[in-house]
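Structure, as structure tokens:
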Amino acid sequence: MKKILNLFLFILICYWGWKFVGWALVRAVWQPDPQACRAASGACWGFIVEKHRLIAFGTYPYEEHWRPALSSVLLVALWILTAVVRRWWLIPAWILGLISIGVLMWGGVFGLPYVENERWGGLILTLLLTTFGLAFAFPLSILLALGRRSTLPLVRALCVAYIELIRGVPLISVLFMASVMLPLFLPAGVSVDKLLRAQIALILFAAAYLAEAVRGGLQAIPGHQYEAADALGLNYFQSTSWIILPQALRIAVPPLVNTCIGFFKDTSLVLIIGLFDLLSTIKVSLSDPAWTGFGVEAYLFAAAAYFIFCYSMSLYSRRLEVSAGRFGR
């Protein structure tokens, strides 16, 4: 019975796979011609060809598209370099790379025209929100996780209140609060632009979830590790940074990466406060009357883009788990 069921599923998968390949590749239209797309029986990838600049760079000035394109390449290169190499010079490389990306995107120096960040959008905005969000949320999450396990009642209560409050409300609410309420707490005449407010909201939100993943790793550390650190005469800072935290982070790799993947996809919610990320620019592209009716291809492309980045994170986490296990032994 199992063999028959497996054979049936195999035939079904092959049949639908062949049908999909025929629709997506064999009979597909690749030219940006709406009339040819409507007359064809296959997918219309000409829509992506026509709108690829808007999808990748948002409303960034057309003649300056080389700047977000170079910024995207630099950012992805830094990610790949971090996944492949583990050296001390990665820290200055990231600092230099992010400064270069900031100069490229904003401009205003070296003869580059200034471009306000309200014009940023598309894929580069998704990458920037994810990178800066995780870069600032991760150290904050470690402090929150350690604070939640602190023996100081006030510190522990504040960390617990923060984590439970943020985890108890949806990200949309946090984005609205950052967009609407944050300016109310600023002095008169002081304003924070929309992108920075969204970035702060994403950092605060991600830190709460990452903190729980780190806390899970801390709780998995056997008690004798703490006793061994005390026996060596190490103080709290030394034992935590040298013995406890490295082991906890290795244990917490799967939930940490899972949270990072979810965070990458959650950046699409910045549309709520008027920012246009990768998914939002695809939605805007579909509003063009000449290209209405091609939502299947548009959202398949969006799904493929998200899958590539999320699956890459997943592969990196597996590699990190293997190397961490070898190091632990």
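Readers should treat all values here as calculations from the given coordinates under stated rules, not as data from a laboratory. In this text the structure is predicted, and so the values were computed from the model without any measurement. Note that we place each Cβ from the backbone using ideal geometry, even for glycine, and neighbour counts take in every protein chain shown.
One chain, two ends: L158 and A77. Fully extended at 0.36 nm per residue, the span grows by 25.3 nm beyond their Cα-Cα distance. Report summary: the helix-based calculation at 222 nm, which adds -39500 (n - 2.57) for every DSSP H run with n ≥ 4 and divides by the residues of the chain, gives -22000 deg cm²/dmol.
Which residue, Y316, S287, Y306, has the largest displacement toward the positive end of the dipole of segment 265-329 when charges sit on each Cβ (Lys, Arg +1; Asp, Glu -1)? It is Y316. Considering only P113, P61, P92, the Gaussian network model of the chain with Cα springs below 10 Å gives its largest mean-square fluctuation to P92. Here the Karplus curve 6.51 cos²θ - 1.76 cosθ + 1.60, taken at θ = phi - 60°, turns the phi angles of segment 67-79 into couplings of 6, x, 5, 5, 5, 5, 5, 4, 5, 5, 4, 5, 4 Hz, with x standing for Gly and Pro. Taking the chain as a Gaussian network of alpha-carbon nodes connected by springs under 10 Å, the highest mean-square fluctuation of the residues A220, A208, A198 belongs to A220. Enclosing the Cα atoms of segment 120-294 in their convex hull gives a volume equal to 145 cubic angstrom per residue.
Between 0 and 90 degrees, the angle of helix 295-328 with respect to the longest Cα principal axis of the chain falls at about 30 degrees.
The lysines within cross-link reach of K283, meaning a Cα-to-Cα straight distance under 18 Å and a gap of 8 or more places when in the same chain, are K51, K265.
The fewest-to-most ranking of D266, D288, D277 by surrounding Cβ atoms within 10 Å reads D288, D266, D277. Quick check: Cα centre of segment 108-152 to Cα centre of segment 167-204, how many Å? Comparing the Cα centres of segment 108-152 and segment 167-204, I get a distance of 13 Å.
So which residue, out of S71, S141, S41, gets the largest mean-square fluctuation from a GNM of the chain using Cα contacts under 10 Å as springs? Top of the fluctuation ranking is S41.
Using the Karplus relation 6.51 cos²θ - 1.76 cosθ + 1.60 with θ = phi - 60°, the per-residue 3J(HN,Hα) values for segment 230-237 come to 5, 5, 7, x, 7, 7, 4, 5 Hz, with x marking Gly and Pro. For D277, nonlocal amide neighbours, meaning residues 5 or more places apart or on other chains whose placed amide H falls under 5 Å from its own, are G122, L271. In terms of other Cβ atoms within 10 Å, T130, T151 run from fewest to most in the order T151, T130. Given R0 = 45 Å, the distance between the Cβ atoms of W30 and V103 translates into a calculated FRET efficiency of 0.80.
Out of every Cα pair in the chain, what percent are spaced more than 29 Å from each other?
Counting every Cα pair in the chain, those more than 29 Å apart make up 52 percent.
Let me check against my output: what whole-number percent is the relative contact order of the chain, with C-alpha pairs under 8 Å and at least 6 apart? Worked out over the chain, it gives 19 percent. Sorting E50, E164, E297 by the number of Cβ atoms found within 10 Å of their own Cβ, with the fewest placed first, yields E164, E50, E297. Listed as lacking a disulfide-compatible partner in the chain: C14, C159, C260, C310, by the criterion of no other cysteine Cβ under 4.7 Å. In segment 120-294, Cα pairs under 8 Å separated by at least six residues give a relative contact order of 35 percent. For V29, the residues whose amide H sits under 5 Å from its own are A43, C44, W45, G46, ignoring neighbours fewer than 5 places away on the same chain, with H placed 1.01 Å from N.
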